[in-house]
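Following: one structure in structure tokens, then a few remarks.
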Amino acid sequence: MSRQTRFDYVVVGAGSAGCCLARRLSESGQHSVCLIEAGPSNANWRVSTPVALVNLMGNPRFNWMLESTPQPQLNGRRLSVPRGKTLGGSSSINSMVYIRGRPGDYDNWAAAGCAGWDWNSVLPYFRKSEKNLTHSGELHGDAGPLIVGELPSPHPLCESWAQAGEQAGIGRSRDFNGESQEGLGTYQVTMNRGRRWSSADAFLRSAPENLTVMTGAEVERIAFTGNRADAVLLAGDLGRIEVSRELVLSAGAVGSPSLLLASGVGPGAELSELGIDVVADVPGMGDNLQEHPAMNIFLKAKGGRGLSLANLPSMVWAPFQYLLNGSGLFSTNHVEAGGFARTRPELDHPDVQFHMIPARVGVDSKGVVWGRGFYADVCLLKPKSRGRLWLEKDNGRLVPRIDYNALSHPDDREGLIDGFLTLRKIVGSPALQQYLPQELSPGPGVQSREEILEACRQRVGTAYHPVGTCRMGSLENPESVVNPRLQVRDLENVRVADASIMPEIVAGNTNAPTIMLAEKASDLILEDAHS
Ligand SMILES: Cc1cc2nc3c(=O)[nH]c(=O)nc-3n(C[C@H](O)[C@H](O)[C@H](O)COP(=O)(O)OP(=O)(O)OC[C@H]3O[C@@H](n4cnc5c(N)ncnc54)[C@H](O)[C@@H]3O)c2cc1C
């Protein structure tokens with residue numbers, strides 16, 4: 001039996017965006033669609049059991065496990081860049097926090113030349129995918145395939161954390177995707193009865209017959225005739241998949257620009273220097289890389305999860321509790337609580353976000369740590385530093401070169417110091433002080449702004465939200481890579497639909513916004529097909 005190798009639409013990358021997009025394109029029933037994923041199937045307990053995400057962070061089977069270049073403002077440290085490599089992509093290894101950002105994010109996109117991407121235009125797409133089990137009303141969807149709800153067993157520290165928000169003057173939030181983001185509280189998560197509910201779970205479980213899903217197939221290059229994509233070439237001896245109508249790249253903020261650059265789409269002179277034949281001179285390709293820098297605090301405390309005698313009963317009971325009703329320790333997404341705050345009262349919107357793990361986390365994140373405690377980090381929502389995604393040769397093979405240029409803008413350094421001081425104020429509130437927390441890192445000796453900045457240089461990580469490398473905008477702006485219909489500059493039939501198109505990073509986690517943009521992308525593509 002011969003395998004089909006020609007499709008109307010070929011979608012590369014079955015991540016948050018790709019699963020949604022491929023599903024919606026095929027749903028019309030009129031087109032053949034092929035979704036190509038480099039990684040394996042997501043049918044594995046490590047992927048489905050929330051607590052196991054710590055394993056996924058170091059598991060090359062499901063994670064590309066990339067690294068940034070040495071960062072000059074971080075004492076030359078490299079930052080870890082985990083990216084999902086399985087059906088569901090990063091939504092299969094992420095922390096499942098459901099956040100959309102704020103309306104102004106999308107109004108900014110529209111004002112920057114992305115017609116049709118303002119809040120009122122994108123809200124219906126957020127609602128279309130969402131099935132919120134708790135919240136309803138005009139801001140939420142209740143019939144979509146992406147299940148969003150409360151954590152089955154939030155740790156009591158989450159309630160104390162929310163009370164600390166009230167005591168610190170930040171407030172409490174019961175719905176971060178409601179009228180206002182501001183406040184602290186427990187996050188809603190993309191879970192179904194205590195199991196991870198990735199984009200693959202949401203969109204591929206009952207996929208129509210005209211959707212072919214390939215796993216273990218890494219696209220190495222796009223084959224062009226002139227500026228039209230004819231096919232994608234698969235690594236190894238897996239052959240080629242022909243494109244009848246359009247090629248859509250949903251390989252993520254690292255994968256999509258890397259593939260385009262390797263195929264000759266990017267800044268012409270620099271591609272030539274790498275020995276790559278130029279198909280289209282697209283100067284902005286790979287620029288505009290944005291990420292949320294995050295500074296952390298590690299605390300030992302008389303409460304919280306962790307290996308201890310006090311926690312022994314709940315740990316022994318955990319597997320049974322999970323098997324019985326999907327609750328308990330095994331259902332934790334780790335990042336159970338958090339919230340948004342303004343570090344200065346005169347700001348119109350929150351400028352920082354927090355992620356709180358109600359468990360003792362090792363300062364160097366290696367090995368077993370005894371004792372209880374909690375961890376929190378603060379990230380800058382609108383960093384001004386801009387990095388770059390480029391390619392470099394490693395043993396003759398082209399691989400991504402990820403330079404975040406983290407904290408290169410002085411405002412980011414000052415903003416993160418302010419954010420850290422706000423985080424310490426939260427930890428100092430009576431609701432958390434009842435656990436007698438002791439700051440293990442950066443430690444009580446770190447007090448002045450200079451000391452905090454140096455601690456940031458030593459400890460800052462990211463929220464794992466790289467975006468922006470195939471920037472969307474009006475093509476009159478030479479920096480734009482795709483237009484607001486997501487078509488790549490100077491190519492006939494190639495679009496990008498994933499986190500890489502965001503012109504400016506959203507004020508929050510990036511999974512829900514990426515699924516939203518895939519929902520909209522499918523409408524744009526089908527509109528063009530039928531016009
Ligand atoms: C550890 C971690 C925790 C996170 N936590 C949260 C969170 O709690 N909440 C939240 O909202 N966001 C979170 N994020 C971010 C969020 O998950 C991502 O922003 C989002 O999933 C990006 O979606 P995407 O479709 O752009 O890319 P991805 O989901 O990364 O999908 C890209 C897919 O393309 C595939 N691919 C790449 N190159 C090729 C190729 N050449 N050939 C074939 N396939 C290819 C990849 O294997 C992958 O499956 C987290 C991310 C990580 C890594």
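Summary of computed values
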{"quantity": "The range 486-531, residues that are aliphatic (A, V, I, L, M), part of a loop (DSSP other than H, G, I, E, B) and closer than 30 Å to His349 by Cα", "calculated": "Leu486, Ala497, Met502, Ile505, Val506, Ala507"}
{"quantity": "Unmet criterion (only one of (1) out of contact with any Cys (no Cβ under 8 Å at 6 or more places or on another chain); (2) within 16 Å of the ligand (Cβ to nearest atom); (3) more than 28 Å from Asn477 (Cβ to Cβ)) for Val254", "calculated": "(3)"}
{"quantity": "Scan of the range 511-529 for residues that are away from the ligand (no atom under 14 Å from the Cβ) and at pLDDT 95 or above, ordered by number", "calculated": "Asp523, Leu524, Ile525, Leu526, Glu527, Asp528"}
{"quantity": "Candidates Asp364, Asp348 - the one that is charged (D, E, K, R) and either in contact with a Phe, Trp or Tyr (Cβ under 8 Å, 6 or more places away or on another chain) or under 18 Å from Ile170 (Cβ atoms) (or both)", "calculated": "Asp348"}
{"quantity": "Set Ala164, Ala207, Ala168, Ala217: member being out of contact with any Phe, Trp or Tyr (no Cβ under 8 Å at 6 or more places or on another chain) and within 15 Å of the ligand (Cβ to nearest atom)", "calculated": "Ala217"}
{"quantity": "Count - residues of the range 418-464 that are of a type in the set (Ser, Thr, Tyr) and without any contact (Cβ under 8 Å) to a residue 12 or more places away in the chain", "calculated": "1"}
{"quantity": "Test: residue in the range 436-444 that is farther than 27 Å from Arg77 by Cα and in contact with a Leu (Cβ under 7 Å, 6 or more places away or on another chain)", "calculated": "yes"}
{"quantity": "Output for the range 455-506, where each listed residue is in contact with a Gly (Cβ under 6 Å, 6 or more places away or on another chain), under 28 Å from Met96 (Cα atoms) and β-branched (Val, Ile, Thr)", "calculated": "Thr469, Val506"}
{"quantity": "Hits in the range 93-105 - residues which are in contact (Cβ under 8 Å) with a residue 60 or more places away in the chain and under 20 Å from Ser129 (Cβ atoms)", "calculated": "Asn94, Ser95, Met96, Val97, Tyr98, Ile99, Arg100, Gly101, Arg102, Asp105"}
{"quantity": "Residue within the range 78-89 that is within 15 Å of the ligand (Cβ to nearest atom), of a type in the set (S, T, N, Q) and either crowded, with 24+ Cβ neighbours inside 10 Å or within 30 Å of Pro154 (Cα to Cα) (or both) present", "calculated": "yes"}
{"quantity": "Subset of the range 45-54 [more than 11 Å from the ligand (Cβ to nearest atom) and either of a type in the set (A, V, I, L, M) or more than 18 Å from the chain's Cα centre (by Cα) (or both)]", "calculated": "Trp45, Arg46, Val47, Thr49, Val51, Ala52"}
{"quantity": "Unique residue being more than 23 Å from Glu439 (Cα to Cα) and charged (D, E, K, R) when the list is Asp394, Asp364, Asp377", "calculated": "Asp394"}
{"quantity": "Where a residue in the range 55-71 is modelled with pLDDT of 95 or more and its partner, wherever it lies, is away from the ligand (no atom under 11 Å from the Cβ) and part of a strand (DSSP E or B), with Cβ under 7 Å and at least six apart", "calculated": "Leu66/Ile402; Ser68/Ile402; Ser68/Asp403; Thr69/Arg401; Thr69/Ile402; Thr69/Asp403; Pro70/Arg77; Gln71/Arg77"}
{"quantity": "Out of Gly445, Gly396, sole residue that is out of contact with any Gly (no Cβ under 6 Å at 6 or more places or on another chain), at pLDDT 95 or above, surrounded by fewer than 23 Cβ atoms within 10 Å (Cβ to Cβ) and over 25 Å from Asp348 (Cβ atoms)", "calculated": "Gly445"}
{"quantity": "Filter result for Ser68 (surrounded by fewer than 18 Cβ atoms within 10 Å (Cβ to Cβ), of a type in the set (Ser, Thr, Tyr), outside the structural domain of Ser41 (by TED's automatic domain parsing) and out of contact with any Ser or Thr (no Cβ under 6 Å at 6 or more places or on another chain))", "calculated": "no"}
{"quantity": "Options Asn296, Asn288; residue that is buried (at least 24 other Cβ atoms within 10 Å of the Cβ) and either within 16 Å of the ligand (Cβ to nearest atom) or of a type outside the set (S, T, N, Q) (or both)", "calculated": "Asn288"}
{"quantity": "Strands (runs of 3 or more DSSP E) wholly inside the range 130-249 that include at least 2 residues being surrounded by fewer than 20 Cβ atoms within 10 Å (Cβ to Cβ)", "calculated": "211-214, 219-225, 228-234, 240-249"}
{"quantity": "Hits in the range 282-333 (condition: out of contact with any His (no Cβ under 9 Å at 6 or more places or on another chain), of a type in the set (Gly, Ala, Ser) and either part of a strand (DSSP E or B) or in the same structural domain as Leu261 (by TED's automatic domain parsing) (or both))", "calculated": "Gly284, Gly286"}
{"quantity": "Residue within the range 5-20 that is more than 8 Å from the ligand (Cβ to nearest atom), among the β-branched types (Val, Ile, Thr) and either outside the structural domain of Arg100 (by TED's automatic domain parsing) or under 20 Å from the mean Cα position of the chain (by Cα) (or both) present", "calculated": "yes"}
{"quantity": "Contacts under 9 angstrom Cβ, first residue in the range 465-481 being at positive phi, partner modelled with pLDDT of 95 or more and basic (Lys, Arg), 6 or more apart", "calculated": "Gly468/Arg386"}
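The values are calculated or read from the model by the stated rules, or taken from the named source; none is laboratory data. Because the structure is predicted, anything quoted here is derived from the model rather than measured. Positions of Cβ are backbone-derived with ideal geometry, glycine not excepted, and every protein chain shown enters the neighbour counts.
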